[in-house]
Amino acid sequence: MAEENERRQQVDNLVAQDIAITDITMQEFRMQLEAALADFERRGVHLRRIAIRALLAYLAIAVILIVGQPPGAASIVAGILAILATTAMVVGGYAVIIYIGKVAPTIRQLQLESQNAMIAELQQQVASLREQVQKRP
Amino acid sequence: MTDLHDERRRLAERALVVRAQAGDRAAFHDLVERYQRRLTYYVHRLIGDAEQSRDILQEIWIEVFRRLAGLRSPAAFRVWLYRVAHHRAIKHLRRKGVEARAEEVIADTIGELVVDEHALLENAELVHHALGKLTLDHREVLTLRFLENLSIHEIAEIVGCSEGTAKSRLHYAKAAMREIIEQEQEHG
C-alpha cells in the first residue's frame with residue numbers, strides 16, 4: 001500500500017513537471033471538451049431530423065405521384081416531383097444506413113451494458129464491504 | 001491490502017465506464033477527470049507542442065465518447081484509451097511528416113543492464129528532462145510504463161507491436177534513461 005502510494009506520488013510529481021498541465025489549462029480544456037461533445041450530440045440529433053424529414057417528404061411525394069396525377073398527365077410538375085422524390089430517397093437512404101450502421105448497434109450494446117452496470121456496481125459494493133470487514137480489528 | 005485497494009479502484013473505474021457507456025455524461029466526465037493529466041502528459045511527450053497536444057486530446061476524447069459504447073470489456077478501458085491516443089498522435093505526426101525514429105541520441109551500447117524502475121522515478125524533474133532526449137518509440141513505452149504501470153503485453157497492445165519488441169524497447173529505454181540521468185548528475 002505504501003509502495004503504491006509512493007509510486008502514485010512519483011507519477012504525480014512527474015506529471016507536474018509538464019508545462020502543458022496546469023489547473024487553468026485543465027479547466028479550460030474541460031469546458032472546450034464539453035462544448036465539443038454538445039456539438040457532436042447536436043449533429044446527431046440534426047442527422048436524425050434530416051432522415052425523418054427526407055423520409056416523410058419522399059412518402060408525401062410518392063403519394064402525390066401515385067394518387068394525385070390524372071392518368072397520362074405528364075407535366076413539368078410531375079418531373080420536378082420525381083426529382084424531389086429521388087433526392088429525398090437518396091438523403092433518407094443515407095441517413096438510414098448511418099442509423100443502421102452506427103446508432104442501432106450502439107443501442108443494442110447499451111442494453112447489454114446496462115445489465116453489466118448493475119453487476120459491476122454490485123461487485124463494487126462487495127469489494128467495498130470486504131475492505132471494511134478487513135479493516136475491523 | 002494493496003490488492004484489495006487496487007481491485008476496488010478497478011471495479012470503481014469499470015462501473016464508471018459502464019455508466020458512461022450507458023450515456024451517463026457525469027460518469028464520462030469522471031473518466032476524463034481520472035485520466036486527463038496522465039493522458040495529457042503522454043500525448044504531450046509524443047507530439048511535443050502543447051497547443052497541438054490539446055487539440056489532439058480533444059479529438060481523442062471525442063473519439064472515445066463516440067466509440068465507448070462499442071467497447072466490449074469495460075475492464076479494457078485503460079489500454080483502449082491509450083490505444084486511441086496512440087493512433088491519434090501517430091496519425092498527427094505522420095500528417096506533419098515527423099519521422100518517429102529520427103532522433104537517436106543514445107548509442108547502441110546499452111547492453112544488458114538491469115534498471116530499477118522505482119529508483120529511476122525518484123527524481124521526477126530529471127526523468128521528465130531525460131524522457132525528452134529519448135527517441136519517440138522509447139519515450140512512448142517508458143511514459144506508458146511510468147504513468148500507468150502497464151504490463152509488457154498491454155504496452156505492446158497500445159503501440160501495436162509484438163511483446164518481444166515492447167520488452168526490448170522498454171529495456172533499452174530504461175537503460176538509456178539511466179545513462180542520461182547519470183550523465184546529468186555528473187555534470188551537476
>> Taking 30 Å as R0, compute the FRET efficiency from the Cβ-Cβ separation of B:Lys96 and A:Glu28 and round it to 0.05.
In response: 0.80
>> Please compute one quarter of the surface area of the Cα convex hull for chain B and express it in square nanometres.
In response: 11.9
> Once you list every other residue whose beta carbon is under 13 Å from the beta carbon of A:Arg8, what net charge do they have if Lys and Arg are +1 and Asp and Glu are -1?
Replying inline: -1
>> Quick check: convex hull over the Cα atoms of region B:2-95, volume per residue in Å³, rounded to an integer?
In response: 97
>> Skipping prolines and chain starts, which residues have an amide H placed within reach, meaning under 5 Å, of the one on B:Thr135, given they are 5 or more residues away or on another chain?
In response: B:Val105
> Hey, how many Å between the Cα centroid of region B:18-42 and the Cα centroid of region A:6-41?
Replying inline: 11
> Rounded to the nearest 500, what is chain B's calculated 222 nm mean residue ellipticity when only DSSP H runs of at least 4 contribute -39500 (n - 2.57) each, over all residues?
Replying inline: -24000 deg cm²/dmol
>> Taking each residue in B:119-125, count the Cβ atoms of any other chain within 10 Å of its Cβ, then average. What number comes out?
In response: 4
> Across the residues of A:6-15, average count of Cβ atoms on other protein chains within 10 Å?
Replying inline: 6
> To the nearest whole number, what is the average tally of beta carbon atoms from other chains within 10 Å of the beta carbons of peptide B:24-33?
Replying inline: 2
> Using the Cα gyration tensor of region B:117-186, with a ≥ b ≥ c the square roots of its eigenvalues, what is the shape: rounded (a/c below 1.5), prolate (a/b larger than b/c) or oblate (neither)?
Replying inline: prolate
> Using a basic spin-label model with each label point 7 Å from the Cα along Cα→Cβ, how many nm lie between B:Lys167 and B:His129?
Replying inline: 3.4
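Since every read-out is calculated from the coordinates, none of them should be taken as a lab result. From a predicted model like this one, the values you see are computed outputs, not experimental measurements. Because the Cβ atoms are built from the backbone with ideal geometry, glycine has one as well, and the counts that use them run over all protein chains shown.
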